[in-house]
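Asks: Submitted below is the structure of interest, expressed as structure tokens.
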Amino acid sequence: MPISDAKKVYFGCNDGYFYALSLRNGSVLWKVETGAPIITSAAQTKSQVIFGSLDRDLFVVDKSDGKVVQKIYLDGRVRTAPAIYEHYLAVCTDNANVFGFKIK
């Protein structure tokens, strides 16, 4: 499921890329290669999008330019969307682990 902000729409794809498209004209602004399909929605903060991939990694990406800020190995495929509550992020993996992170 895509997510959006005032200028872009963000989504992952089975081709192993996470995309940012312009809401104005639909052009691809940037894309991030993950190495495996992305089957869930992302979460977003003011400046970042956060998503998981079936390659067992959680990606934190800068919304402005698509640069990977952080990549975290989770030892399980991400099949559910990350959730943000206040300053915390939670994500589950398919091997029944739940990970929590404090975000800025």
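The values are calculated or read from the model by the stated rules, or taken from the named source; none is laboratory data. The model shown is predicted, which means the values in this text are computed figures rather than measured ones. Reconstructed Cβ throughout: ideal geometry from the backbone, glycine too, with neighbour counts over all protein chains shown. Ligands, DNA and RNA are stripped out before the accessible areas are found, and what is left, the full protein with its side chains, is counted by its heavy atoms. Shrake-Rupley method; radii C 1.70, N 1.55, O 1.52, S 1.80 Å.
Asks: I'm trying to understand the selection: among the residues of the range 87-103, which are surrounded by fewer than 17 Cβ atoms within 10 Å (Cβ to Cβ) and not aliphatic (A, V, I, L, M)? If you could, list the steps in order and put the result at the bottom.
Replies: Of the range 87-103, the ones surrounded by fewer than 17 Cβ atoms within 10 Å (Cβ to Cβ) are 87-88, 90, 94-98, 100-103.
His87, Tyr88, Asp94, Asn95, Asn97, Gly100, Phe101, Lys102, listed by residue number.
Conditions (1) closer than 23 Å to Thr93 by Cα; (2) free of Cβ contacts under 8 Å to residues at least 24 places away in the same chain; (3) of a type in the set (Asp, Glu); (4) surrounded by 16 or more Cβ atoms within 10 Å (Cβ to Cβ), marked per residue:
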position	(1), (2), (3), (4)
Pro2	yes, no, no, no
Asn25	no, yes, no, no
Glu33	yes, yes, yes, no
Ala42	yes, no, no, yes
Asp57	yes, yes, yes, yes
Asp65	no, no, yes, no
Val68	yes, no, no, no
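Asks: Would you confirm, using the coordinates I've provided, whether Ile84 is open to solvent by 30 Å² or more (accessible area, probe 1.4 Å), closer than 20 Å to Ser4 by Cα and of a type outside the set (Phe, Trp, Tyr)?
Replies: Values: open to solvent by 30 Å² or more (accessible area, probe 1.4 Å): yes; closer than 20 Å to Ser4 by Cα: yes; of a type outside the set (Phe, Trp, Tyr): yes.
Taking the combined requirement at face value, the residue satisfies it.
Asks: Just checking, which of Leu21, Leu54, Leu74 is within 17 Å of Lys102 (Cα to Cα) and hydrophobic (A, V, I, L, M, F, W, C)? Explain how you work it out, then say what you get.
Replies: Values: Leu21 fails: within 17 Å of Lys102 (Cα to Cα); Leu54 fails: within 17 Å of Lys102 (Cα to Cα).
Step by step, each of Leu21, Leu54, Leu74 is checked, and only Leu74 is within 17 Å of Lys102 (Cα to Cα) and hydrophobic (A, V, I, L, M, F, W, C).
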